[in-house]
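Report on one structure; see the data block that follows.
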Ligand code: LM2
Ligand code: CA
């Protein structure tokens, strides 16, 4: 079992290691997940907001046809019935146009792809969002086509430490594809190639832990290079990031996958939530990263919350605790660790709730208020000033080191990023008022959390830095946010 993987790894090393490169444009380095957005809206968003604000890419919801479930829960999109590019987000033409328009403004597209399974049982004949019919109970998906032989035998995952069960039984009843079969591999590679041809930069691989790493290696190394007509260099390999939930106590581990591509670092999400909810002092974050048992920076896809764990209870933060959420996000984007992804949600009161839709069950477009925030059911965390300005901060400080860590022994922290940026965070219930080393050249800087630099004027607090790099930093309990961030691209 281990040997073939090793042999394959060695022979395919050049190819597979390259699949950690997200192919960002310029100095950009943050991905946003526009969960359940329509393709036409994403294209508009790339041009009017993401490009101008310096976002590097968008993770889009699954693009291939899914089953239609009653009430249209968001999770119906995790039940594929064919590889036709028709979903509630739009059709193939709209998808292609989105990818082109986003690439044209330097914003990459990463697609959430379902290689592990097809739809779960359904009473009788199921109809998909592209009009295809299937009989999931019989493992019959004629629009691909797949028949029963293309799937593993039906069984349930009861023991998460049993590799066979985790990889060959049905995850929540979803018909489990056999990626070891030529036909299945062929169909999956064709599907990925099709998306690459349309100009995407890579994939978020759903349920990766439920597939054998050897099979994934075969598939990833077989897909074509990125499309040079969309601005990618010759021989560029698609960026791969794999959904592997590894808390450190299961048989199938993140280490089996991190050579093939990046892996979602769930421990990051849990620990950052714990710290900013006040269940661990912020001073401990000084050693944030691999010392916490996380994957190496270039292998870790990091996030405060994702579309799954934002719906669970526990330490993970979401938009419903905005002050803590913004602090955690500011720390996420300021600290030099990981491949960052920002979540952009729709509002929900229960786990299964459908995304914003009209009476005909069509997804609705986001609408914006005077401040640019979303108003009609979409939360759009990526449009919160405190978040998009930290995306700008992360761009400004790219490739600099963390220096001059400061803390008060508790929940007030601060640090520099080279001589490009400085951040302070106060999660204590008393003021932070200190003269601190900011590492910045002398001058007046606009705090990009309490405001923005607009036409040379700072709409929030400003900090004056003296000739030795020191500045007076105040984050009071009366302040709306618990963060202050300054950088060289927002100098007055
Ligand atoms: C993932 N990552 O590895 C996705 O991030 C996650 O959102 C997916 O689950 C999961 N893997 C499978 O792609 C979601 C959702 C589930 C939902 C499934 C399938 O979290 O709740 O399951 O999609 O739509 C639903 C029902 C479940 C039922 C299943 C099959 O909630 O009770 O199981 O459909 O009918 C009998
Ligand atoms: Ca499987």
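Data overview
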item: Residues of region 207-256 classified as out of contact with any strand residue (DSSP E or B) (no Cβ under 6 Å at 6 or more places or on another chain), surrounded by fewer than 24 Cβ atoms within 10 Å (Cβ to Cβ) and outside any helix (DSSP H, G or I), total; result: 21
item: Hey, residue 171 within 13 Å of ligand 2 (Cβ to nearest atom), farther than 19 Å from residue 120 by Cα and at pLDDT 95 or above or not; result: no
item: Single residue of 158, 186, 147, 154 found to be within 30 Å of residue 100 (Cα to Cα), over 24 Å from the mean Cα position of the chain (by Cα) and either away from ligand 2 (no atom under 14 Å from the Cβ) or without any contact (Cβ under 8 Å) to a residue 60 or more places away in the chain (or both); result: 186
item: Residue ID - surrounded by the fewest Cβ atoms within 10 Å (Cβ to Cβ), chosen from residues in region 125-139 that are more than 15 Å from ligand 1 (Cβ to nearest atom) and within 30 Å of the chain's Cα centre (by Cα); result: 131
item: Region 166-187: number of residues that are assigned to a helix (DSSP H, G or I), crowded, with 18+ Cβ neighbours inside 10 Å and within 16 Å of ligand 1 (Cβ to nearest atom); result: 4
item: Condition met for residue 395 (in contact (Cβ under 8 Å) with a residue 24 or more places away in the chain and over 26 Å from residue 111 (Cβ atoms)); result: no
item: Residue match in region 216-235 (condition: closer than 26 Å to residue 88 by Cβ, in the same structural domain as residue 39 (by TED's automatic domain parsing) and in contact (Cβ under 8 Å) with a residue 60 or more places away in the chain); result: yes
item: Condition broken by residue 291, with the remaining ones in (1) farther than 23 Å from residue 50 by Cα; (2) in contact with a helix residue (DSSP H, G or I) (Cβ under 8 Å, 6 or more places away or on another chain); (3) outside any loop (DSSP other than H, G, I, E, B) satisfied; result: (2)
item: Test for residue 122: is it within 16 Å of ligand 1 (Cβ to nearest atom), out of contact with any helix residue (DSSP H, G or I) (no Cβ under 9 Å at 6 or more places or on another chain) and in contact (Cβ under 8 Å) with a residue 40 or more places away in the chain; result: no
item: All positions within region 55-89 that are away from ligand 2 (no atom under 16 Å from the Cβ), assigned to a strand (DSSP E or B) and crowded, with 24+ Cβ neighbours inside 10 Å; result: 57, 58, 59, 60, 66, 87
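The values are calculated or read from the model by the stated rules, or taken from the named source; none is laboratory data. Just so you know, these numbers come straight off a predicted model, no measurement behind them. Cβ sites come from the backbone with ideal geometry, for glycine too, and all protein chains shown count toward neighbours.
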